[in-house]
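Below is one structure; the comments refer to it alone.
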Amino acid sequence: MAAVRAPSPDGVSRPVSAGVVSALVGFTSAFVVVLSGLAGVGASPDQAASGLLAVSVTMGLACVLLAVWTRMPITAAWSTPGAALLASTGAVEGGWPAAVGAFLVTGALVVLTGLVPQLGALITRIPASVAQAMLAGVLFQLCLGPVTGLAENPLAVAPVVAVWLLALRLMPRWAAPLAFLAAAVVIGVHVVTSGATIDRADLVPRVELTAPVFTVAAVVGIALPLYLVTMAAQNVPGVAVMKGLGYEVPWRRSMLVTGVGTVLGAPAGGHAINLAAISAALAAGPEAGEDRSRRWIASVTAGSVLVLLGIASSAVGSLVLLAPAGVVAAVAGLALLGTLAASLQAALARDDERIPAVVTFATAASGIAVAGVSAAFWALVAGLVARAVLRAGRETAVRPAPTRDTQGQQKARPGDLHR
């Protein structure tokens, strides 16, 4: 009988190190966007810090649960596009409690998507050009942060931009985290020179629970766009990314876990969690080890680190509050520039989709609110109407069945979402 070989330490160390990197990059590259988004819909600094804690802990636990349950390196993340959407939406009727109610509705819709396969298939039928253009329009205003910051406070913002640009050239994955590190140094210098102080009580993690209020304006203006952008820009691409790495993500279980996690985190201010998309490759790719059967350990590690980072989120939020003018907006904008570029590329990939995409982008970027409903919703409506009018009568009687990647990016097929 052949002796059973014990797993080598390297077989565990690689997925563990990959998981740590995944968590650190995911958290530090976008937490400022989350804080900005929650503040944008009416959260106080304490409520925003509580929301950051909620999404960090719930997505960390989701990583652990999905990895242990499926034995796959599935990672969860907060909805960065959703946070950007909130930042551009502004307060709605009912204020912060209405936003919390909208977060609950968003979580319920994600759960429903897991239970009703046809709903997931319907999401994949939203034209990628329109969905990506809506996302690009939402991101546009935030991505102006580095430009306006340089004009407003060049001495504080210029070092952050310089570090980001140099890191983007030498180590692209760490560009956003290093930009935050540079911002932290700038904030530290500002604190020392200005004599500002930090109350130790503000460093203690705390949860601020809010009783939800449900209003039509919040459901239509926040919940529906947040659900759509989370599904179209995070969950569906997340499935596609994992499939490209050789993993068939169990759609129903993933939606149930992230949907329930969103519902549980909402009263504490958490806006939404979902499947990781771009960062999914950090835990599921070759850097997590050659042994594919052990890569799920990377997701467990990432989830554990995210929970710890969530517990420290109050201290992070306190640091952000002390930032000099323009610095926080600059960091948020730099973190989203890559996503903006990818969204614009996908939105304009097809010649026959460009005008509807531009209509969608312009409407979303305008920031208008009609009848208390945010620009993101009207952007989706405007883009779909423009597309329908321009394509009317152009469909040929006989044409080959379209594939799911004819919209300019790899997408999961409706059949993939039925599992």
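The values are calculated or read from the model by the stated rules, or taken from the named source; none is laboratory data. Nothing here was measured: the structure is a model prediction, and the numbers come from that model. Every residue, glycine as well, gets a Cβ built from its backbone with ideal geometry; the counts of neighbours run over all protein chains shown. All accessible areas refer to the heavy atoms of the entire protein, side chains included, with ligands and DNA or RNA removed. Shrake-Rupley method; radii C 1.70, N 1.55, O 1.52, S 1.80 Å.
If I ask for residues that are touching a strand residue (DSSP E or B) at 6+ places or on another chain (Cβ under 7 Å) and among the polar types (S, T, N, Q), which ones from region 58-95 would you list? Matches in region 58-95: Thr58, Ser79.
Can you find, within region 157-172, the residue that is farthest from Ala30 (Cα to Cα) among those that are open to solvent by 10 Å² or more (accessible area, probe 1.4 Å) and in contact (Cβ under 8 Å) with a residue 60 or more places away in the chain? So, considering only residues that are open to solvent by 10 Å² or more (accessible area, probe 1.4 Å) and in contact (Cβ under 8 Å) with a residue 60 or more places away in the chain, the one farthest from Ala30 (Cα to Cα) is Val161. The lone criterion from (1) at pLDDT 90 or above; (2) open to solvent by 20 Å² or more (accessible area, probe 1.4 Å); (3) over 21 Å from the mean Cα position of the chain (by Cα); (4) more than 19 Å from Ser22 (Cβ to Cβ) left unmet by Leu321 is number (1).
What number of residues in region 64-89 are open to solvent by 30 Å² or more (accessible area, probe 1.4 Å) and within 19 Å of Gly246 (Cβ to Cβ)? Matching residues across region 64-89 total 3. Against the numbered list (1) open to solvent by less than 50 Å² (accessible area, probe 1.4 Å); (2) in a helix (DSSP H, G or I), Thr193 comes up short only at (1). Residue-level check: of (1) among the aliphatic types (A, V, I, L, M); (2) in contact (Cβ under 8 Å) with a residue 60 or more places away in the chain; (3) over 19 Å from Val64 (Cβ atoms), Leu245 misses just (2).
Here's a check for you: in region 261-289, which residue that is at pLDDT 95 or above and in a helix (DSSP H, G or I) is surrounded by the most Cβ atoms within 10 Å (Cβ to Cβ)? Only one residue tops the list, namely Thr262. Looking at Ser314, is it open to solvent by less than 50 Å² (accessible area, probe 1.4 Å), over 23 Å from Trp174 (Cβ atoms) and touching a residue at least 60 places away in the same chain (Cβ under 8 Å)? Yes. In region 198-217, the count of residues that are under 25 Å from Ala332 (Cβ atoms), modelled with pLDDT under 90, assigned to a helix (DSSP H, G or I) and open to solvent by 70 Å² or more (accessible area, probe 1.4 Å) is one or more. Leu61 passes every criterion in (1) closer than 23 Å to Thr215 by Cα; (2) open to solvent by 30 Å² or more (accessible area, probe 1.4 Å); (3) part of a helix (DSSP H, G or I) apart from (1). Looking across region 117-130, the residues that are part of a helix (DSSP H, G or I) and modelled with pLDDT of 85 or more come down to Ser129, Val130.
Of everything in region 64-89 that is assigned to a loop (DSSP other than H, G, I, E, B) and under 18 Å from the mean Cα position of the chain (by Cα), the residue that is farthest from Val219 (Cα to Cα) is Ile74.
Return a yes/no flag: does region 104-121 have any residue that is polar (S, T, N, Q), surrounded by fewer than 24 Cβ atoms within 10 Å (Cβ to Cβ), on the phi < 0 side of the Ramachandran plot and in contact with an Asp or Glu (Cβ under 8 Å, 6 or more places away or on another chain). Among the residues of region 104-121, not one is polar (S, T, N, Q), surrounded by fewer than 24 Cβ atoms within 10 Å (Cβ to Cβ), on the phi < 0 side of the Ramachandran plot and in contact with an Asp or Glu (Cβ under 8 Å, 6 or more places away or on another chain), which makes the answer no. All of (1) in contact with a strand residue (DSSP E or B) (Cβ under 9 Å, 6 or more places away or on another chain); (2) open to solvent by 30 Å² or more (accessible area, probe 1.4 Å); (3) among the hydrophobic types (A, V, I, L, M, F, W, C) hold for Met255 with one exception: (2). Residues that are within 23 Å of Leu52 (Cβ to Cβ), surrounded by fewer than 24 Cβ atoms within 10 Å (Cβ to Cβ) and hydroxyl-bearing (Ser, Thr, Tyr): does region 292-309 have at least one? Looking through region 292-309, at least one residue is within 23 Å of Leu52 (Cβ to Cβ), surrounded by fewer than 24 Cβ atoms within 10 Å (Cβ to Cβ) and hydroxyl-bearing (Ser, Thr, Tyr).
Pairing each residue of region 71-89 that is at positive phi with any residue that is assigned to a helix (DSSP H, G or I) and at pLDDT 90 or above, provided the two are 6+ apart or on different chains, yields C-beta distances under 9 Å for Arg71/Trp296.
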